[in-house]
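The values are calculated or read from the model by the stated rules, or taken from the named source; none is laboratory data. The model shown is predicted, which means the values in this text are computed figures rather than measured ones. Cβ placement follows ideal geometry from the backbone for every residue including glycine, while neighbour counts extend to all protein chains displayed.
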């Protein structure tokens with residue numbers, strides 16, 4: 001019995017995001033360090049998916065945490081800190097991309113899957129071994145074609161595919177991050193994939 005009690009007492013209970021937010025607002029600034037630790041990797045990954053540059057992603061993530069800290073009192077639901085932060089990351093990334101007028105390059109894995117469709121990796125493999133003209137293109141050229149196709153997606157389609165398909169963030173959280181409904185997220189992902197397949201139909 002004593003052993004069981006000892007083992008239970010040794011279990012570390014991590015405070016929820018809401019508790020940490022409350023602590024920060026109460027003046028315990030060190031609690032924000034825990035929030036940074038929890039979300040730094042994901043924030044950087046989301047920024048990277050939208051910008052295609054690690055250094056830019058790190059800078060955007062740092063700026064997002066600073067903005068979140070200074071505007072923490074505006075967060076209506078403390079437990080929603082994660083989605084709120086990722087929305088800030090997304091907005092900052094898009095602002096940076098627009099300001100530089102540059103095309104973001106996303107990793108290509110799993111962008112195209114749907115019923116009857118191939119993954120990007122399978123597509124690249126098939127295309128580079130296919131006997132058709134497009135299939136004879138070098139792998140780098142095929143990759144370039146897909147990247148160009150990504151650039152033709154709407155902002156929402158690209159965001160939804162980045163967060164849901166690449167980051168594997170649940171649709172509900174993606175909806176909170178983008179400030180839209182879950183159904184809208186599903187639609188953006190569906191339309192984004194459909195548009196990619198349409199643009200690349202000569203290579204599929």
Any residue in region 128-135 that is assigned to a helix (DSSP H, G or I), modelled with pLDDT of 50 or more and not assigned by TED's automatic domain parsing to the domain that holds residue 64?
yes
Can you name every residue in region 156-198 that is under 20 Å from residue 42 (Cα atoms), touching a helix residue (DSSP H, G or I) at 6+ places or on another chain (Cβ under 7 Å) and surrounded by fewer than 16 Cβ atoms within 10 Å (Cβ to Cβ)?
172, 179
Please state which of the following conditions residue 94 fails to meet, knowing it meets all the rest: (1) over 17 Å from the mean Cα position of the chain (by Cα); (2) under 25 Å from residue 185 (Cα atoms).
(1)
If we keep just the residues of region 137-155 that are assigned to a loop (DSSP other than H, G, I, E, B) and at pLDDT below 80, which is surrounded by the fewest Cβ atoms within 10 Å (Cβ to Cβ)?
138
